[in-house]
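Below: the structure, in structure tokens.
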Amino acid sequence: MDAERATGPRTIALIGPYLSGKTTLLENILYVTEAVHRKGSVTQGNTVGDSSAEARAHGMGVEVNVASCDYLGDTYTFLDCPGSIEFGQEAANALVGADVAVVVCEAEVGKVPSLSPILNLLGELGVPHMIFVNKIDRAAGRVRDLLDALQGISDKPLVLRQVPIRDGEQITGYIDLASERAYVYRDGAESELIEIPDDIKEREGEARYEMLEKLADFDDHLMEELLEEVEPPKDEIFNDLTSDLREGLIVPVLLGAGEHENGVRRLLKALRHESPTSAAAAARAHVEGDAALGQVLKTYHTARGGKLSLVRVWSGAFKDGDTVNGERISGLFRMTGHNTHKISSAAAGEVVAMGRLNDIHTGAALTTNGSSPDLRKADAGQPVYAMSLEAADRNDEVKLSSAMHKLLEEDPSLKFEHDDEANQWLLMGQGEMHLRVAVERLENKYSLKVVTTTPRVPYKEAITKSVSQHSRYKKQSGGHGQFGDVHVDIAPLPRGSGFEFSNSVVGGSVPKQYIPAVEHGVKEYLVKGPLGFPVVDVAVTLTDGQHHAVDSSEMAFKTAGRMAMQEGMPKCSPVLLEPILQVEIFVPSDVTAKVNATISSRRGHILGFDAREGWPGWDVVTSHIPQAEIHDLIIELRSLSAGVGTYHWNFDHLQQLSGRLADDVIAAAAGNS
């Protein structure tokens with residue numbers, strides 16, 4: 001059956017590693033389709049993509065940018081996704097709303113590992129995708145070697161659609177393997193059709209047969225034609241390419257150089273003819289009747305327009321003023337970078353911004369009939385980098401709280417939480433640059449200066465020896481005095497037991513109504529033990545005491561309990577405990593040995609390593625690492641692994657720390673108290 005050409009608005013995600021040229025490619029797509037009349041430049045900071053102040057300051061994408069264009073009668077919305085893994089949540093949220101993704105990569109085998117997280121994310125979300133090998137004019141190696149390296153990290157067969165035409169070492173054009181037509185690139189213009197050069201006909205034939213063999217794996221009729229050496233009709237080949245891409249069975253690979261418009265029009269034609277139809281049809285099953293259904297892909301807080309929710313319309317149509325999820329849409333807009341254009345309605349397949357949906361967040365499904373469909377969402381990753389953060393001016397603390405609320409709405413991969421144990425506010429995210437950009441936004445958007453420091457490690461302390469302690473609190477200052485007398489036994493407990501309080505008083509020497517006060521006083525002291533840290537794994541037994549009929553009170557016995565701990569704990573041989581984390585480190589296999597050395601240098605203990613399931617060419621190394629050594633671990637991992645390494649962690653146990661390291665920690669705590 002012939003595959004019908006897709007019609008209606010479609011959403012295309014552009015995704016690829018940092019410096020792969022996505023934003024430049026988008027700029028040229030918009031120029032070729034006359035959506036813009038002057039091409040911007042990343043170096044000059046005037047592109048449609050990377051339009052935020054932070055993106056232009058760092059020369060890299062830090063959030064999703066949106067732009068639409070018309071090409072040969074069809075409307076396309078492009079989502080320009082950040083390339084850095086630190087802003088991967090932005091890309092993941094956007095991909096949920098894409099019909100197809102174009103993975104942009106450089107023509108260098110050495111940079112292929114940086115594509116692994118992207119291809120795996122696309123696989124997890126089930127997004128059909130093609131690869132655009134960019135900067136082909138700078139390719140130093142063979143395209144077939146690049147394809148072999150790419151296939152090594154893809155779980156789907158890669159189908160090379162073009163073979164390059166070379167003039168010496170320079171790639172000057174390509175042969176389309178489906179149509180068997182040859183073209184030479186023209187800088188800033190459409191490629192020129194030429195005859196297939198004689199010296200490349202043999203290579204073209206081999207590459208075309210390899211393409212047909214891969215398509216035949218999903219088409220029995222094509223397989224029969226190949227076995228019988230029957231030349232398949234070109235229509236059949238194009239139909240297979242179209243249907244296999246739409247079903248996510250193959251990954252077509254195209255060549256080009258976005259900066260010079262080389263291959264840009266061919267990419268647009270492939271998207272027009274072969275990309276999936278709008279996913280609206282599949283999503284209609286999630287909503288009843290004719291109600292409109294949309295999904296929030298991104299939240300922006302703008303200086304003038306307030307909150308904007310970037311929404312993919314899955315079915316039906318939204319109008320300005322409609323009520324969705326109990327809130328009224330206050331303005332519908334098309335976005336081009338950070339610029340908005342007001343519209344009156346949005347149809348299925350479009351991506352638009354909706355104004356002032358104050359209680360609706362990224363990932364939410366929007367309906368006009370009050371239903372709550374369960375739509376696919378991108379999971380938020382665990383933070384791997386943190387900093388302690390506070391307002392530079394204490395008078396700005398309320399302002400900071402409000403600004404952080406907006407910042408977290410814009411970027412759900414950020415977390416801002418209070419660490420009660422260390423008494424600090426922590427900003428957490430996916431890396432140093434991720435948090436640096438967040439801090440810059442606080443200043444740029446909200447005129448808020450903050451102070452950041454390395455987070456304090458939540459050390460604990462415990463005791464190694466039992467002690468019996470007698471303490472008396474007696475105070476006489478006219479009128480009723482204060483009197484409380486206690487005998488307590490202080491003993492260590494096995495690691496992880498926590499705190500236990502018991503009472504073995506007989507004869508009423510400490511009246512029952514005062515016993516809870518003694519426990520309260522004990523707990524009050526344990527917040528900060530003799531070494532300066534919270535005390536854990538200790539048992540305290542109230543064994544005896546005395547009271548006064550007039551002067552005893554709950555306050556007196558609470559004070560006596562605290563005094564008994566203050567006087568007795570230093571005699572119990574206290575020791576410092578540091579938190580140990582179980583850490584799973586994920587890296588390409590060729591850097592596993594270096595990662596093992598890194599773990600050892602950070603006082604870690606390697607528990608084992610194995611191949612990472614579903615990630616060809618990757619390992620997972622499991623280890624125990626002290627929390628004090630993990631603050632900048634992600635920076636070193638990214639440096640070792642071309643920016644793609646990461647880890648998961650969880651608290652495992654407390655472990656005694658001794659020697660000079662312990663002395664330094666205790667001295668630092670004393671200096672800060």
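Brief remarks on what is shown
- Listed residue (V313, G263, H341) projecting farthest to the positive dipole end of region 208-342, Cβ model: H341
- In terms of its C-alpha gyration tensor, region 177-283 has an oblate overall shape, because the principal axis ratio a/c (a ≥ b ≥ c, square roots of the eigenvalues) is not below 1.5 and a/b does not outweigh b/c.
- Helices in the chain, meaning DSSP H runs of at least 4 residues, each add -39500 (n - 2.57). Divided by all residues, the mean residue ellipticity at 222 nm is -8000 deg cm²/dmol.
- Cα-centred dipole magnitude for region 385-453, charges only on beta-carbon of K, R (+1) and D, E (-1), debye, nearest 20: 280
- Within the same chain, lysines fewer than 8 places from K298 are excluded, and of the rest, those with a Cα less than 17 Å from its Cα are K307, K377, K406, K415.
- Distance between region 180-250 and region 394-426 - C-alpha centres, whole angstrom: 54
- For region 385-453, the convex hull drawn through the C-alpha positions has a volume of 80 cubic angstrom per residue.
- Rounded to the nearest 5, the antiparallel percentage of DSSP beta bridges internal to the chain is 80%.
- Those lysines that a straight Cα-Cα span of less than 27 Å connects to K465, excepting residues fewer than 8 apart in one chain: K523, K528, K558, K571
- Kirkwood hydrodynamic radius over Cα pairs of region 10-278, then Stokes diffusion coefficient at 25 °C and 0.890 mPa s, in µm²/s: 131
- Amide H contacts of N262 (H built 1.01 Å from N, under 5 Å, at least 5 apart or other chain): G188, A257
- Annotation: the residues C69, C81, sorted from fewest to most other C-beta atoms within 10 Å of their own C-beta, follow the order C69, C81.
- Mean-position separation - Cα centroids, region 530-547 and region 465-518, in angstrom: 8
- For the chain: rounded, prolate or oblate by the Cα gyration tensor [a/c cutoff 1.5]: prolate
- Hits among lysines - C-alpha to C-alpha of K594 under 24 Å, sequence gap 8 or more where chains match: K111
- Euclidean distance between Cα centres, region 287-316 to region 71-110, Å: 19
- Estimated FRET transfer efficiency when R0 is 30 angstrom, pair N358-E440 (beta carbons, to 0.05): 0.75
- Database remark: amide H of R612 closer than 5 angstrom to the amide H of W618, D619, V620 (H placed geometrically; neighbours at sequence offset of 5 or more, or on other chains; Pro and chain starts carry no H).
- Nonlocal amide H pairs with A13, under 5 Å, H built at 1.01 Å: L79, D99, V100, A101, V102
- Among K449, K298, K39, K22, sorting on how many other beta-carbon atoms sit within 10 Å of each Cβ, with the fewest leading, yields K449, K39, K298, K22.
- The fewest-to-most ranking of L366, L72 by surrounding Cβ atoms within 10 Å reads L72, L366.
- Kirkwood Rh and Cα Rg combined as Rg/Rh, region 120-213: 0.99
Readers should treat all values here as calculations from the given coordinates under stated rules, not as data from a laboratory. Since we're looking at a predicted model, the values are computed, not measured. Note: ideal-geometry Cβ built from the backbone for every residue, glycine included; neighbour counts use all protein chains shown.
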